[in-house]
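In what follows, a single structure is set out as structure tokens and then discussed.
Please treat every number below as a calculation from the coordinates, not as lab data. As the structure is a computational prediction, the values presented were derived from the model and not from experiment. Here the Cβ positions follow ideal geometry from the backbone for every residue, glycine too, while neighbour counts run over all protein chains shown.
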Amino acid sequence: MTGKSHLLCNASVAVATGSLLWRSCQYPDASAFNQAFGEFFYVVAEFLQGDHMSPMWLWWTLAAFLFVLGTLLPDCDTKSSMIGRVFHLPFEHRTWTHTIWALALCYAFACFVQVGFYLFAGYALHLIFDAFSYGGICWFYPLSRYRTYPNGARVKKRHVFRLYRTGQRSEGIFDVVVFTACAVVVVTTVASVVGI
């Protein structure tokens, strides 16, 4: 997936997951919206009032930054990627940065720094979505490897979940399907809680 696609899909999944977590709280009345999202509204109100240094505002800003960073970070092994233009590691694409080992490092960070969970979540979603691309990913690289074809294509051995090709029309269709599914989850969840 391209960086923009990762941002769209990861943000969609995050919002849909947030709505499901909100629903799981099962507030008893229509004021649930204010109860569940009170903290979020409080942060927005602080921003509109010019208070950009409150602890809550700083926490959610850092969480959003880490989520976006985690979403883009696996592609730091490609100079042409959104993050690769700023920070580049000299690895072959979809090798070390697209493994369970890199994800474990993000998880370890999240264990020591609570807000690090958002970095881990963004990173994990990136890897999951890349696993559905035509080439797939080798979760246990270098223990598992890619098969390289004469045309230069690299595909994970025994990869069967080929839903889209990166940079092709199928990727756009995949993005639309993920976004639409997440939008349906959010709309139905909000409607069920507020009684619409």
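For R85 and S170, the difference between the fully extended length at 0.36 nm per residue and the C-alpha to C-alpha distance is 28.1 nm. Computed from the C-beta positions of W96 and L58, the FRET efficiency with R₀ = 35 Å rounds to 0.65.
Rg then Dmax, both in Å and based on the Cα atoms of region 63-196: 16.8, 58.
Centroid-to-centroid, using Cα positions, region 132-193 and region 77-120 are 18 Å apart. Across region 63-131 the C-alpha pair distances fall into 5 Å bins from zero in the proportions 4, 20, 28, 27, 16, 5, 0 percent.
Under the simplified labelling scheme, the F112-S192 pair shows an inter-label distance of 4.0 nm, with each label point 7 Å from Cα along Cα→Cβ. Between F140 and V177, the FRET efficiency estimated from the beta carbon spacing at R0 = 25 angstrom works out to 0.30. Annotation for region 107-196: trypsin sites (Lys or Arg not before Pro) lying in DSSP loop with at most 11 further Cβ atoms inside 10 Å of their Cβ are K157, R158. Rounded to the nearest whole Hz, the Karplus-based 3J(HN,Hα) values (6.51 cos²θ - 1.76 cosθ + 1.60, θ = phi - 60°) of region 178-184 follow the sequence 4, 4, 5, 4, 5, 5, 4, with x at glycine and proline.
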